[in-house]
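Notes for the one structure printed next.
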Amino acid sequence: MKRLLALTGLALALSGCGAADGLVPAEGKTLPVAPYGAKTQPTAAQLLTPTTQQRPQRSDELLTKSDERRSDEFDLPPPN
């Protein structure tokens with residue numbers, strides 16, 4: 001049983017070792033058509049690079065001053 005688990009773990013570890021370098025479409029397949037308005041068809045590397053909309057930058061804006069909140073006239077107790 002332990003040997004089976006070890007072999008399964010080894011197989012899973014080795015399956016994640018695939019390289020994403022030099023990707024090309026499979027034989028008989030082509031890259032997707034160029035987006036509307038694009039002058040050239042993007043390469044595989046360009047298609048795999050995420051845009052800023054897909055991976056937005058982290059905002060590290062710190063709170064610079066603390067203000068007291070104004071009263072909320074709609075913060076009413078529940079009705080009985």
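Nothing in this text is a laboratory measurement; each read-out follows from the coordinates by a stated rule. These figures come from a predicted structure and were not determined experimentally. Here Cβ is always computed from backbone atoms with ideal geometry, including for glycine, and neighbour counts include all displayed protein chains.
Pick out, from Leu62, Gly9, Pro32, the residue whose Cα sits farthest towards the positive end of the charge dipole of the chain, with +1 on the Cβ of Lys and Arg and -1 on the Cβ of Asp and Glu.
Gly9
Report, in degrees rounded to the nearest 10, the 0 to 90 angle that the Cα long axis of helix 2-15 makes with the longest principal axis of the chain.
90
Want the number for Arg3 to Thr43: 0.36 nm per residue separation, take away the alpha-carbon distance, what's left?
Net length gain for the segment: 10.0 nm.
Could you give the size of the charge dipole of the chain about its Cα centre, using +1 on the Cβ of each K and R and -1 on the Cβ of each D and E, expressed in debye and rounded to the nearest 20?
620
Where the eigenvalues come from the Cα gyration tensor of the chain, what are the semi-axes √(5λ) of the equivalent ellipsoid, largest first, in whole Å?
Working: eigenvalues 469, 193, 51 Å².
Those come to 48, 31, 16 Å.
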